[in-house]
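Everything on this sheet refers to the single structure shown next.
The values are calculated or read from the model by the stated rules, or taken from the named source; none is laboratory data. Here the structure is a predicted model, which means the values were calculated and not measured. Reconstructed Cβ throughout: ideal geometry from the backbone, glycine too, with neighbour counts over all protein chains shown. We work out accessible area using only protein heavy atoms, side chains counted, and drop any ligands, DNA or RNA first. Shrake-Rupley method; radii C 1.70, N 1.55, O 1.52, S 1.80 Å.
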Amino acid sequence: LSAIDYVQQLNDHGRRLRIHGLNLSLGYDFDPEWFACGASPLCVEVDRLVQSGVCVVTAAGNSGYGVVKTLHSGGSRTCLALTINDPGNAELAITVGSTHRDMPHTYGVSYFSSKGPTGDGRRKPDLIAPGERIVSCAAPGKAPVGVDWRTAYVEDSGTSMAAPHVSGAIAAFLSVRREFRGRPMAVKQIFLSAATDLHREPCFQGRGLLNLFQALQER
């Protein structure tokens, strides 16, 4: 919330855009006893930031695989629907699930990637992007022993690895299609329309796999 407020202040609440995009590779299970789905304070501020002209990309979450209890076999491991995390439940955010790094058409959506729909019945995630065994900057506590995490790179999996692919693609798109700066809903629609359908359940894959090349050609 503080980070979003900082962006709002830098952008003068949409009157002078300096930051055009925000990546939120984080998440937590929303509690329906506290807030309606998509109406938590974080989701509300994400939507408000989008309405001010900033593209916001969020991780769907890694809650898409777990155990259910059955009458005949006890606990069975399976994919779990209705597992989108906050702030991925925010209506206006581009919520990103994970797929295989090298062979998404073969392996489809990652087993751990949170599955939709949202708790109030909206289709999420919006897109999927590579999120398995991605080499990226280390977070505190994940660097090898004796290595400063601030300069380390590690291999990790999760929708937090997938979301930055979409954020980077949007940054590349806005560097070429400058007329879409400050128009996050138009950008979202373009990327959803340009996505490559992997022919999986929409509440698993959303509109499909990120496709920057196609997005650049959309009108």
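Just need a number here: residues in the stretch 145-168 that are touching a residue at least 40 places away in the same chain (Cβ under 8 Å), of a type in the set (A, V, I, L, M) and open to solvent by less than 30 Å² (accessible area, probe 1.4 Å). Quick ask: steps written out before the conclusion?
Keep residues of the stretch 145-168 that are touching a residue at least 40 places away in the same chain (Cβ under 8 Å), which gives 157-167.
Within this subset, residues satisfying the condition of being of a type in the set (A, V, I, L, M) are 161-163, 166.
Those left that are additionally open to solvent by less than 30 Å² (accessible area, probe 1.4 Å): 162-163, 166.
So the count comes out to 3.
Applying the selection to the stretch 48-83, what residues are within 19 Å of residue 116 (Cα to Cα), under 16 Å from the mean Cα position of the chain (by Cα) and not aliphatic (A, V, I, L, M)?
58, 61, 62, 63, 64, 83
Select from the stretch 95-113 the residues that are under 17 Å from residue 27 (Cα atoms) and in contact (Cβ under 8 Å) with a residue 60 or more places away in the chain and list them in ascending order.
Listed by number, the residues that qualify are 95, 96, 97, 98, 113.
Which of the residues spanning the stretch 190-219 are touching a helix residue (DSSP H, G or I) at 6+ places or on another chain (Cβ under 7 Å) and open to solvent by less than 60 Å² (accessible area, probe 1.4 Å)?
Pass one, the stretch 190-219, residues touching a helix residue (DSSP H, G or I) at 6+ places or on another chain (Cβ under 7 Å): 190-191, 194, 198, 207, 209-212, 214-216, 218.
Listed by number, the residues that qualify are 190, 191, 194, 198, 209, 210, 211, 212, 215, 218.
Inside the stretch 58-115, can you point out the residues that are surrounded by fewer than 19 Cβ atoms within 10 Å (Cβ to Cβ) and of a type in the set (S, T, N, Q)?
Those that are surrounded by fewer than 19 Cβ atoms within 10 Å (Cβ to Cβ) and of a type in the set (S, T, N, Q): 70, 73, 76, 78, 106.
Across the stretch 30-43, what is the number of residues that are in a helix (DSSP H, G or I) and either surrounded by fewer than 17 Cβ atoms within 10 Å (Cβ to Cβ) or of a type in the set (Ser, Thr, Tyr) (or both)?
Of the residues in that region, 1 qualify.
So residue 187 ticks every box in (1) surrounded by fewer than 21 Cβ atoms within 10 Å (Cβ to Cβ); (2) in contact (Cβ under 8 Å) with a residue 24 or more places away in the chain; (3) not in a loop (DSSP other than H, G, I, E, B) but one. Which box is left unticked?
So residue 187 meets the others, but not (1).
Can you tell me which residue is farthest from the chain's Cα centre (by Cα) among those in the stretch 179-219 that are modelled with pLDDT of 95 or more and polar (S, T, N, Q)?
It comes out as 214.
Which ones in the stretch 155-178 are at pLDDT 95 or above and outside any helix (DSSP H, G or I)?
Taking the stretch 155-178 as the starting set, the residues that turn out to be at pLDDT 95 or above are 157-178.
157, 158, 177, listed by residue number.
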